[in-house]
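These notes concern the structure reproduced below.
The values are calculated or read from the model by the stated rules, or taken from the named source; none is laboratory data. These numbers were taken from a predicted model, which means no experiment stands behind them. With ideal geometry, Cβ positions are generated from the backbone for all residues, glycine too; neighbour counts draw on all protein chains shown.
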């Protein structure tokens, strides 16, 4: 592939990770510069992979900034643009940029702005496969089938300066979910799980709350009897990546950080509730999915309008045993 390429990155953290196999294939077969644009935090997630030559952060949502960025990039002369999100906005940006070839899925009434339309799959497919089909459409050979991430020496150094009190071994619990409350395991279940892990394995447990999840993390912490062995640490993506890479295990709701830890080869237990696991399935032996077979599942709703049995039915004792199995295999 000759000529400069610009990629509009996904917005959701999990999707950013699941796009890596596509980005890796693109990097391996592009003969010229690859530019990426996305949330400012995205560059920290991808740091160490060498996927891009340039990164353009997207700040804010105002039209003024939208057109200012367009005018600035117009001078670059991109040969192609790839819109990974399905948003109308991402296609409109490249349409205004007057890129010769714009590739993406023709959803949300944006097909008229795409020169290369990715064929829709006839059956449900994983998000990783969804992005890899873009590579197939572009004639770019696949290179890897599952996401991988890296941690740099500089990221480790900055983490140690900021979080010198976090000594290993430790476990991590991701107690929230940006998608909505339907994905959240009950706070009391997380509290019970933490107490059992602390008692059985003499190991500290840390919670890494995301945006607007501090109150939830505090509720979990208040329910832990051995609260002095459990901590709440607010981190940016760079530090969270390092923290997860050092964890003995991760227990997570079905949300973005679970993909980061798995891509870092850390044993990750995923509490899968209302979503269809096939959307987030990909090869790799680092993820253990725990779910309950319910008549109403999968519903894919952000908020449960029933008894939320798909999550409440997962017992802490079941997860403790899985964690124990993980720790025994790591010895």
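If you scan region 283-316, which residues turn out to be out of contact with any strand residue (DSSP E or B) (no Cβ under 8 Å at 6 or more places or on another chain), within 21 Å of residue 247 (Cβ to Cβ) and either in a helix (DSSP H, G or I) or at pLDDT 90 or above (or both)?
Within region 283-316, just 316 meets the criteria.
Take residues that are touching a helix residue (DSSP H, G or I) at 6+ places or on another chain (Cβ under 9 Å), within 15 Å of residue 13 (Cβ to Cβ) and modelled with pLDDT of 95 or more and tell me which of the strands (runs of 3 or more DSSP E) falling wholly in region 167-260 contain 3 or more.
In region 167-260, 249-253 are the strands (runs of 3 or more DSSP E) which contain 3 or more residues that are touching a helix residue (DSSP H, G or I) at 6+ places or on another chain (Cβ under 9 Å), within 15 Å of residue 13 (Cβ to Cβ) and modelled with pLDDT of 95 or more.
Against the condition in contact with a strand residue (DSSP E or B) (Cβ under 8 Å, 6 or more places away or on another chain), crowded, with 19+ Cβ neighbours inside 10 Å, at negative phi and outside any helix (DSSP H, G or I), how does residue 275 come out, does it pass? I'd like the intermediate steps shown before the answer.
Working: in contact with a strand residue (DSSP E or B) (Cβ under 8 Å, 6 or more places away or on another chain): no; crowded, with 19+ Cβ neighbours inside 10 Å: yes; at negative phi: yes; outside any helix (DSSP H, G or I): yes.
Considered against the rule, which asks whether it is in contact with a strand residue (DSSP E or B) (Cβ under 8 Å, 6 or more places away or on another chain), crowded, with 19+ Cβ neighbours inside 10 Å, at negative phi and outside any helix (DSSP H, G or I), residue 275 comes out as no.
Of the residues that sit in region 105-128 and are touching a residue at least 40 places away in the same chain (Cβ under 8 Å) and not in a loop (DSSP other than H, G, I, E, B), which one is farthest from residue 86 (Cα to Cα)?
Top of the filtered list is 128.
Output the residues belonging to region 24-36 that are modelled with pLDDT of 95 or more, closer than 18 Å to residue 73 by Cβ and surrounded by 17 or more Cβ atoms within 10 Å (Cβ to Cβ).
Scanning region 24-36 gives 34, 35, 36.
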